[in-house]
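Peer 1: Here it is, the structure in full.
Only the coordinates and a few stated rules stand behind these numbers; no lab work does. Please read all numbers here as calculations on a predicted model, not as lab measurements. FYI the Cβ positions are ideal-geometry reconstructions off the backbone, even for glycines, and counts take in every protein chain you see.
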Amino acid sequence: MKKILLATLGVFIVLGSGAYVFLIHPLLSPSEETPFAEAVLAKPDVVLLTGLNVRQMAFLERWFLGGPIVPVAEDVSGRTPQDRTLVDHLRAVSVEPRRDIDYALYALYPSDGGALRHAIMLVGRFSPGPINDYLARALGGVPRPGAGRISYEITIVDPNSCRPAATGIVTVDPKWILLADPASHAALLPRLASARAGGGGELAWWRPLARADVLSIGVSNLQDAEKAVPQPFLKASAKAATAEADVFQRFYLGVGAKPVPPEGRLRIVFDAADPNRAVEKIKMWEQAIGQSRARWADAMPTVATLYDSLTVRSDGGRSTIEFTVDRKLAANLQRVGNELLAGLFGGLGGRATSPGAAPRVERIDSSPAAFEPSAAPTALRGYDPAAQFAEEVEETRGPFGVRLGALRLGSEPEVGLEVVVEGFTGAIPNVTGEQPRARLFVGSVKSAKGQELMRVEACGRERNSEPAPFAASFSRRLRATKTVRLIAGSDPHALQSVSGRVEIRLPTRTETLSAARPAPGTVLASHGATFTLTKVDGGSVSYQITGARDNVLHFRALNAAGRPLAPEGGFSADFLLGGGVAGQKDYAGVVDRVEVVFAAAEETVEFPFTLTDFSLAGKAGAVVVDPTPPFQPYSAAALRREPPPPPPLATPDTSLARIQLDPFELSLDKAQAFFVTRLDFTLRGPAAPNFQKAFSVGRLRLTRVDLKDGSTLEPPMADVASTGQSIGRPIWDTPIRSGSAGKDGALTTALYLLIDPRAKPGELKALRGVLTIQFPKTLQTLRLDDLSPGQHA
């Protein structure tokens, strides 16, 4: 018996080793062309290099997420070239990412102050002829000969603004595709011939790390990071990050995964520029992690166990921070969730149990979606504005009601007015709102003189010609909102009509397939759509949908008595590389049967409409009087004399600093650093009439920051004079506004300023500035009787 067991074990070892060597290893390892592509992109000035092992990602997608079990080619011909993603462009030339692409690389180079300088290189198997034809025909590429190859220069259009966003040059080889900006492409083209013979010594640090991960991001010199980004916010962020990690030279971030046992890994690797200081920095991080864990261990021990998945280690000049996602982390997270729920329900007098402690309490769906074997468009009920939860509309067409929802100023200077049209409908047979089967189109906005006022927009996800889908709101009712933009100079008084249509693809015939006692691998297919069960566990159903996904109208879970279970939530997402949808739904009870409803036939029906009521009067409601006192002329002396000063704080003072500026009081409440240093203030003052709900009563300006080391910071003149605020830009000057009527005789306003990140919160010694309050001597009231958008007084 012992010999038989040993022989059996040996056979399993041999089979496992053979499977790894001949099946798994080829699927996970990069192709032979990957080192060549890395050498091409890794110029001496490369700032950032990113690698994605597409072959391994496709394997892991199938292993963990369930790649499409039933592969179906995805048709992208219905999408315009501007709306296509990179994967869509590849599929348009018959390149299947899972089959034809092995590795993808991205490189970022120092910017010249304008646009980004970067390059993308795909490694795999390609047909240059069809791809070059697509570049020239569909994308308008201009041929650019060079280095014995024909490249195509294409203009990349912003899909939202229709403006040219960038220019790229594409070169195609049977083994790779290179896409880069013109400057980078000119520098990379000669390397296509020389890189294969190069030693690639500059990548010796990168390759061992990248080969072990699915996604790899590396920066060879952290001090060069800010040179690659031209945007001020990103440049400031990169500068702050490199200042924090100035003792390190190289940075690497990798995401990896193992199929058996299932385990994910996120690791950050630093190579030291100054080993001694790097050791001190790592020890400081380890100490901070240890202190945080100790605090959680005292307050909530289950949260402290999450730190078991985090490790920090050093080996010579290399330091690694690694976070592991495995079954242990999942169990710890579940315990944290159970403890939080127990605390929540315990405080309410309830009791929480873990999902595995007892079976789910069965609940039946009280309003299940109803489907009819056949439905005729002529049998659709008209819209009933008197029905429960129905909205008032201007015009009814078939089962739909339409009205003008709003008329407002355009959000951009070149846009005139914006017209909002709303559509409503009740329950429609075989239409649930899970898919965009009903859509609202706005085709024309005319003036009283017959002029077309709607802008012509060729791009944008919400362009005027793009319809708005009807989505479920509540009680099986559907709603759609479509906003269209008018040409500049449109007069709201000259609007005469808004016309459009509601289009519905009505499933006129349905077919329901079911699977009793469903098991993983069960397939229900009909009319070009395939529904595959990947996992059934109690009340959870995991699934995939491939093929004609629109033909899957709905699926539900039934109990042993054949009654529909109430859904408790779920999620769905496209596959990482396209080709279908994977998701999961949870039900209140044990699933005994799964039913899937397919559309066997459909008919498109249109309901045109024309709206002419632009009054937007709405319903008369209760009148609420504004309690704000009338504005009146004030002087500084009157302010000190008449309204009483704000009373002392009723709660303990937790501010960092406080100063009296009679009759105002300014406190520094908090200082925190995140790329820039943010200072939060509170200004308290008397509840004077002029200050209540005023647009601006003054300004708070910071003029100098004193630090503990004796240095000072002052705002540049441009920042002092500037009144605008942009993301990432220091703000030393801010207006004072009060949006409330005051409380307990005091007006309180929260303010904040953003200053240089060199002023760390712990290094602040003193803040100097000016509080300016405006006292209007003369007041003039202007009336605005015409409330049309764009009117002014």
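Peer 1: Return, ordered by residue number, the residues of segment 445-460 whose backbone nitrogen is under 18 Å from a label point located 7 Å along Cα→Cβ of Ala494.
Peer 2: In segment 445-460, the label zone of Ala494 (backbone N under 18 Å from the point 7 Å along Cα→Cβ) covers 445-456.
Peer 1: In the structure shown, do any of Lys328/Lys535; Lys283/Lys670; Lys283/Lys760; Lys446/Lys482; Lys670/Lys760; Lys281/Lys708 have a Cα-Cα gap over 24 Å, and if so which?
Peer 2: Lys283/Lys670
Peer 1: Could you tell me the distance between the Cα centroids of segment 532-571 and segment 454-520, to the nearest Å?
Peer 2: 26 Å
Peer 1: Can you work out the FRET efficiency for the pair Ala193 and Arg125, with r the C-beta to C-beta distance and R0 = 22 Å, to the nearest 0.05?
Peer 2: 0.60
Peer 1: Let me ask you something else. Would you mind getting the Kirkwood hydrodynamic radius of segment 84-193 from its Cα pairs, rounded to one decimal in Å?
Peer 2: Mean inverse Cα-Cα distance, inverted, gives 14.5 Å.
Peer 1: Quick one: which residues, 5+ away or cross-chain, put their amide H under 5 Å from the amide H of Val229? H built at 1.01 Å from N.
Peer 2: Ser111
Peer 1: If I take R0 = 56 Å and measure r between the Cβ atoms of Asp315 and Glu568 in this structure, what FRET efficiency does the formula 1/(1 + (r/R0)^6) give, to the nearest 0.05?
Peer 2: About 0.75, to the nearest 0.05.
Peer 1: Let me ask something additional. Can you work out ³J(HN,Hα) from phi for every residue in segment 81-96, in order, using Karplus 6.51 cos²θ - 1.76 cosθ + 1.60 and θ = phi - 60°, giving whole Hz and x for Gly and Pro?
Peer 2: 3J(HN,Hα) across segment 81-96, in whole Hz: x, 5, 8, 7, 7, 4, 5, 5, 4, 5, 5, 5, 10, 6, 9, 8.
Peer 1: Give me the distance between the Cα centres of segment 245-288 and segment 428-450, rounded to whole Å.
Peer 2: 53 Å
Peer 1: By counting other Cβ atoms within 10 Å of each Cβ, how are Ser465, Ser499 ranked from fewest to most?
Peer 2: Result, fewest neighbours first: Ser465, Ser499.
Peer 1: Could you list log10 I(q)/I(0) for segment 449-576 at q = 0.09 Å⁻¹, which the Debye formula gives when each Cα is one point scatterer?
Peer 2: Those come out to -0.48, one per q.
Peer 1: Provide the convex hull volume over Cα atoms per residue for segment 377-508, in Å³. Don't skip to the end; give the middle numbers.
Peer 2: Working: hull volume 15.8 nm³, N = 132.
Enclosed volume per residue, from the Cα hull, is 120 Å³.
Peer 1: Also, quick follow-up: Mind giving me the nanometre distance, one decimal, between the label points for Cys459 and Ala379, set 7 Å out from Cα along Cα→Cβ?
Peer 2: 4.8 nm
Peer 1: Any idea how far apart Glu372 and Ala406 come out in nm if each label point goes 7 Å out from Cα toward Cβ?
Peer 2: 3.6 nm
Peer 1: Order by neighbour count: Asp173, Asp669, fewest other Cβ atoms within 10 Å first, most last.
Peer 2: Sorted ascending by nearby Cβ count, the order is Asp173, Asp669.
Peer 1: Full extension from Ile150 to Ala560: what is 0.36 nm times the residue separation minus their Cα-Cα distance, to one decimal in nm?
Peer 2: This chain segment gains 141.1 nm when fully extended.
Peer 1: Another question, then. List the extent of the Cα atoms of segment 254-315 along each of their three principal axes, largest first, rounded to whole Å.
Peer 2: Principal axes ranked by extent give 37, 36, 13 Å for the Cα atoms.
Peer 1: In nm, to one decimal, how far is the Glu263 label point from the Gln388 one, both placed 7 Å along Cα→Cβ?
Peer 2: 5.6 nm
Peer 1: Please list, by residue number, every one of the chymotrypsin sites (Phe, Trp or Tyr not before Pro) in segment 419-478 that is coil in DSSP and has at most 13 other beta-carbon atoms within 10 Å.
Peer 2: In loop regions of segment 419-478 (DSSP not H, G, I, E or B), the sparsely surrounded chymotrypsin sites (Phe, Trp or Tyr not before Pro) are Phe474.
Peer 1: To continue, here is another question. Run the paramagnetic zone check for Glu603: 7 angstrom along Cα to Cβ, then residues of segment 487-517 with backbone nitrogen under 14 Å.
Peer 2: Backbone N within reach: 504-510.
Peer 1: Further question on the same structure: Residue separation times 0.36 nm, minus the C-alpha to C-alpha distance between Arg678 and Thr772: what's the value?
Peer 2: The span from Arg678 to Thr772 would gain 31.8 nm if fully extended.
Peer 1: Next question, about the same structure. By count of other Cβ within 10 Å, fewest leading, how are Phe555, Phe531 ordered?
Peer 2: Phe555, Phe531
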